[in-house]
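Report on the following structure.
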């Protein structure tokens, strides 16, 4: 027997494939060449070479064909065929799931498919050259175990290539095999029809009685549905028998895949027919496409998402970064039909990424946009997407009318809604990004009043039911809020294209009922003002992280509200009140420049004679952001203005807050006496108010003054009291300040182990923060201690890691720390060779934020330096 022994045990797919390919075949002394195996499987030789080199993995369809060929060529051990096929399959599954970024599971080995294949293949004749006789051109599909090209179908070849969706295809096919009833749902233009046709094409070999597409888009009478199915299958009604009964009689014994395409406008009729056929036809598989699920027994719903788009980034975009995203691949493929030499380059990558992002990865929108590339440059196309519904009208003449323009596709969906569903849909366009159900209920619904016409009324209790319908009809997406749990974990959003359409509808209605648009914008602003002011009560407590997560999720809506407050229709005070709270959010999130821009825009609109608490808070917030960005002169001006405004306001808690920055300003100018007076006043006011968080913050500043004045003993006591105050309020992040200061005093005394404990505890507390300002200062403090202990390379690495984060943040070394920082850098240059310094500095500047924390907290820096930096 051939294959009697194995000289080695291959562990990976590529090794196993090479072993199988070079085995001697029955009836032939020749080993199967790569070119031969590729031809039999139906792939390019280069593809097979990549499989055998381990650079690429086959998709499930190609893997099935490959196994079919190996079986047909008698390259699997007799009696062990299933064991070896399963082993080959599982090596692919393992490799696939170990790949970075794998987010969907590779389908598992299908025993029923293989055993049927084995039964069919063992009866096939073998020719003298070892190749099965049916491997002539055009018949390679028979190696998968069925007469692929003899399977009847009405699926037509598509004129353009199918792009992406590999994991989706694999899972949908697995679902069809196991459930035999799958509905593909999704927004109009997301590619449901094309995906269903591709599934049908790939699975023809599994349905001996054919794969049949029933197109329902033009059918308007639900009663004609059974007749259209029968016509597609070339069956006629039998006299005296209902047509559905005739269909059942025919289909009960057939192994067939029936694709019902575009069911949303006939959803009740399709649901009834599909449920009945699924129940009584055991070998019939149903694949449905619809903008909403049928919601019947046995149905498995698969939500067809838009194509993947490049991630939004503030960093420069390169061709390599976006080349493999599905939306970019589709856009490029369609552009090349018009411009064959068009290439993705680093120069045009940003514009192409923007186009794909603006169009939400919707295949229809991308194809319509690509069709304009014979008239417009990329930049012109991107700019004109603001008016996308007039721009994207160049669909194929042979396409359905509703697929020839983007507007027609959305009109089709919108017109299928009830009046109340339309009302909620267009109102949802007031949201930026996504939102919670609670926000929808508060903003989009209000009961009827004497002043509001009936056309405006949605009762709050109606929202959940209407939302469910919009989700079911694929007009609203559900998304999980990252980092959130509880009532706000599930959020809802419109794709950008849907949102633009909803805004058009809202503006059209605004011409008829002018109150709706203005009322929605005002209700939106009031809701998010209330949310921010609720957050303000928690941002200085143990609940800070929870509320930062919630504010983070609402950033787009908060930006929209701030922008509205600056318009003639808006209310400036709303924006001032929001920004006066959000400065702390912007500070801790590390988005200083954005926060500064909003505060400057708002303050520029305030009349000179107006004074208010929101004004004080806004001026103070701006002074903080300007100070940490290194603009000392402007920060001083703003800090003094904030203190003066706070004194006149009579709000002692706010005065205690504003005085703290003025203390730092006075210290930077060498005015220690004035700084101490302000610090002691801040502490006194905070104590009188009974505000423990405010008191802890003011104590920390007073400790800094005492430290500068040389009274280290009293400074340490004050820092300890500050630390206890933050611990009592549960604010972990603000504990980093007194911990750094205690570390500094320990360093000054030469107690390096104690100083290290203070600094590393401070760094550990920074792990949950997005902003890096507090982390940067703690890393620099630890570097001083490490330098004093004589580990100069580690010192340089820590300082480089801190500098990288500080530069990315747009921050500077504070004036009070500049002298120590410069002295340490100078000392390192004299203590290390140029090469040693550059190597250590390069290591730190290559670290991510998370890596710098791991490095700082780790005891063995040599071990870390050998880890690859990603």
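The values are calculated or read from the model by the stated rules, or taken from the named source; none is laboratory data. Here the structure is a predicted model, which means the values were calculated and not measured. Here the Cβ positions follow ideal geometry from the backbone for every residue, glycine too, while neighbour counts run over all protein chains shown.
Taking the stretch 177-210 on its own, how many of its residues are within 24 Å of residue 363 (Cα to Cα) and in contact with a strand residue (DSSP E or B) (Cβ under 7 Å, 6 or more places away or on another chain)? It would help to see each step written out before you state the result.
Narrowing the stretch 177-210 to residues within 24 Å of residue 363 (Cα to Cα): 182-203.
Checking which are in contact with a strand residue (DSSP E or B) (Cβ under 7 Å, 6 or more places away or on another chain) leaves us with 182-186, 192-193, 195-197, 199-200, 203.
Total satisfying the criteria: 13.
Could you list all residues from the stretch 826-845 that are within 40 Å of the chain's Cα centre (by Cα) and without any contact (Cβ under 8 Å) to a residue 40 or more places away in the chain?
838
Going through 368, 375 one at a time, which residue ends up being modelled with pLDDT of 70 or more and either more than 28 Å from the chain's Cα centre (by Cα) or outside any helix (DSSP H, G or I) (or both)?
375
Which residues, counting only those in the stretch 713-739, are closer than 22 Å to residue 668 by Cβ and crowded, with 17+ Cβ neighbours inside 10 Å?
In the first step, residues of the stretch 713-739 are kept if they are closer than 22 Å to residue 668 by Cβ; the result is 714-715, 718-719, 722, 734, 736-738.
Correct list: 715, 718, 719, 722, 734, 736, 737, 738.
Count, please, the residues in the stretch 167-188 that happen to be in a helix (DSSP H, G or I) and surrounded by 14 or more Cβ atoms within 10 Å (Cβ to Cβ).
So the count comes out to 12.
Taking the stretch 597-616 as the region of interest, how many residues are touching a residue at least 40 places away in the same chain (Cβ under 8 Å) and under 36 Å from the mean Cα position of the chain (by Cα)?
The total comes to 2.
Go through the stretch 592-628 residue by residue and tally those that are modelled with pLDDT of 90 or more and outside any helix (DSSP H, G or I).
Residues meeting the conditions: 3.
Let's see how each residue does on (1) at pLDDT 95 or above; (2) out of contact with any helix residue (DSSP H, G or I) (no Cβ under 9 Å at 6 or more places or on another chain); (3) assigned to a helix (DSSP H, G or I):
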residue	(1), (2), (3)
803	no, no, yes
807	no, yes, yes
811	no, no, no
817	no, no, yes
821	no, no, yes
828	no, no, yes
853	no, no, yes
868	no, yes, no
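Mind checking whether some residue in the stretch 224-244 is within 41 Å of the chain's Cα centre (by Cα), in the same structural domain as residue 212 (by TED's automatic domain parsing) and outside any helix (DSSP H, G or I)? Step through it out loud before you land on a result.
Step one: filter the stretch 224-244 for residues within 41 Å of the chain's Cα centre (by Cα), giving 225, 229.
Now restrict to residues that are in the same structural domain as residue 212 (by TED's automatic domain parsing): 225, 229.
Now restrict to residues that are outside any helix (DSSP H, G or I): none.
No, every residue in the stretch 224-244 fails to be within 41 Å of the chain's Cα centre (by Cα), in the same structural domain as residue 212 (by TED's automatic domain parsing) and outside any helix (DSSP H, G or I).
I'd like to check which helices (runs of 4 or more DSSP H) are fully inside the stretch 427-518 and have at least 3 residues that are modelled with pLDDT under 85.
Fully inside the stretch 427-518 and qualifying: 496-512.
Only one of 702, 742, 667 is touching a residue at least 60 places away in the same chain (Cβ under 8 Å) and surrounded by 20 or more Cβ atoms within 10 Å (Cβ to Cβ). Can you tell me which?
667
Let's see how each residue does on (1) in contact (Cβ under 8 Å) with a residue 40 or more places away in the chain; (2) touching a helix residue (DSSP H, G or I) at 6+ places or on another chain (Cβ under 8 Å); (3) crowded, with 16+ Cβ neighbours inside 10 Å:
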{"residue": "289", "(1), (2), (3)": "yes, yes, yes"}
{"residue": "310", "(1), (2), (3)": "yes, yes, yes"}
{"residue": "321", "(1), (2), (3)": "no, yes, yes"}
{"residue": "347", "(1), (2), (3)": "no, no, no"}
{"residue": "359", "(1), (2), (3)": "yes, yes, yes"}
{"residue": "379", "(1), (2), (3)": "no, yes, no"}
